[in-house]
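Encoded as structure tokens, the structure appears first; notes follow it.
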Amino acid sequence: MEQELNVDRLVRQRIRALRLARGWSLDALAERAYLSPSNLSRIETGARRIALDQLVPLARALDTTIDQLTESPNDEDVVIRPQQDERRGMTMWTLASSRTPGGLTVAKMRIATPVPSLEEAGVHPGRDWFTVLTGTAALRLGERIIVVEQGNAAEFSTMLPHAIGAHGSKPVEILTILTAEGQHAHSEQPG
């Protein structure tokens, strides 16, 4: 019973926090969720328990999911211990757990080799994004080579043949966000 009350309290806090983060009044969220403002107020304050038929429209109105509203607050293991994956002049550390929204992967890459040739460049659905932490990157987008210096970022369609390498003689370190397709493509390259 105590666990149910804790989840109920947590969901109420999350609903209120999301509403306030969007700058919405009780009336604004109530209208979006097809609830009365007084009913929403009682839900947020705990004067009324949340029913499933109220939770679904609230989650939809707040642009979240029921899973996200009700997920455990268990934060015992928030430290990520990245595994080093080395292949073909590149080292990759995955920096996000498997619970990232939208299946995105956050990774740090250290690339010591020059940008691959057009024939070696990959293509996959989606978009990739990276920022250069140290060094200078050479980004291949089809026939073009784009130099991305430390502190700058790049975002591009991955339907173009693309590859990243070190520009010059020093390695480049990047922080990247990959879609599920991009993560699969970058981690499944032959070694």
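The values are calculated or read from the model by the stated rules, or taken from the named source; none is laboratory data. Predicted model, so just to flag it, every value in this text is computed and none were measured. Every residue, glycine among them, receives a Cβ derived from its backbone with ideal geometry; neighbour counts consider all protein chains shown.
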Listed by range, strands (runs of 3 or more DSSP E) wholly within the range 116-162 having at least 3 residues that are under 16 Å from MET90 (Cβ atoms) are 127-134, 136-141
Within the range 33-48, the residues that are surrounded by 13 or more Cβ atoms within 10 Å (Cβ to Cβ) and under 13 Å from ARG12 (Cα atoms) are ASN39, LEU40, SER41, ARG42, ILE43, GLU44, GLY46, ARG48
Scanning the range 33-69 for residues that are of a type in the set (S, T, N, Q) and within 17 Å of VAL7 (Cβ to Cβ) gives THR45, GLN54, THR64, THR65, GLN68
Subset of the range 55-105, residues of a type in the set (A, V, I, L, M, F, W, C), at pLDDT below 85 and under 19 Å from the mean Cα position of the chain (by Cα), comes to VAL78, VAL79, ILE80, MET92, TRP93, LEU95, ALA96, LEU104
Counting only residues in the range 119-137 that are closer than 18 Å to SER157 by Cβ and out of contact with any helix residue (DSSP H, G or I) (no Cβ under 7 Å at 6 or more places or on another chain), the one modelled with the lowest pLDDT is identified as ARG127
Among (1) among the aliphatic types (A, V, I, L, M); (2) within 23 Å of the chain's Cα centre (by Cα); (3) surrounded by 15 or more Cβ atoms within 10 Å (Cβ to Cβ), ALA21 falls short only on (3)
Going through the range 135-153 in order, the residues found to be surrounded by 14 or more Cβ atoms within 10 Å (Cβ to Cβ) and either outside the structural domain of ILE111 (by TED's automatic domain parsing) or under 17 Å from PRO125 (Cα atoms) (or both) are ARG140, LEU141
